[in-house]
1. In whole Hz, what ³J(HN,Hα) sequence does the range 86-92 give by Karplus (6.51, -1.76, 1.60; θ = phi - 60°), x for Gly and Pro?
2. Give me the net charge for the shell around Met50: Cβ to Cβ below 11 angstrom, other residues only, Lys and Arg +1, Asp and Glu -1.
3. Could I have the simple spin-label model distance between Thr24 and Lys61, label points 7 Å from Cα toward Cβ, reported in nm to one decimal?
Amino acid sequence: VGLIQDHLKGAKLIVITYDVCNRTSFANLGRWIRLVREHQNEDNRNTNAMIFLVGNKVDAKQIVVSSQEGRAVAEKNGFFFLETSAAAHYNVSYLLKSIAIAIVKQQRMPVQVKVENINGVYRLTAVA
């Protein structure tokens with residue numbers, strides 16, 4: 001927990017990910033959300049951190065957590081919500097672009113964001 005709290009200090013963006021094929025992973029979200037909220041209350045620098053809730057492995061055959069369940073948790077907590085598949089590269093570039101755009105907007109920077117997938121490696125480029 002100490003290492004996680006160190007990473008949360010001053011964070012402008014937090015991504016909480018769960019496995020849509022694992023009910024326990026989804027059930028543990030409450031613990032992670034509490035940890036983030038507690039740290040936000042202790043560290044006034046990141047009370048406005050953008051938080052993304054990401055359901056991963058949506059390409060799998062045995063999905064046990066529905067999109068509606070994930071979206072409900074995100075909406076209840078004021079998080080952005082997205083589902084991805086890292087293995088199938090589904091929505092990964094969209095997630096990265098969404099994160100980059102959110103940061104750019106938060107910083108009020110007039111730039112465009114480009115995401116490229118080069119042999120499975122994602123590269124973000126901000127162009128003024």
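1. 5, 5, 9, 6, 7, 6, 5
2. +2
3. 2.3
No value in this document is a laboratory result; all are computed from the given coordinates. As the structure is a computational prediction, the values presented were derived from the model and not from experiment. Positions of Cβ are backbone-derived with ideal geometry, glycine not excepted, and every protein chain shown enters the neighbour counts.
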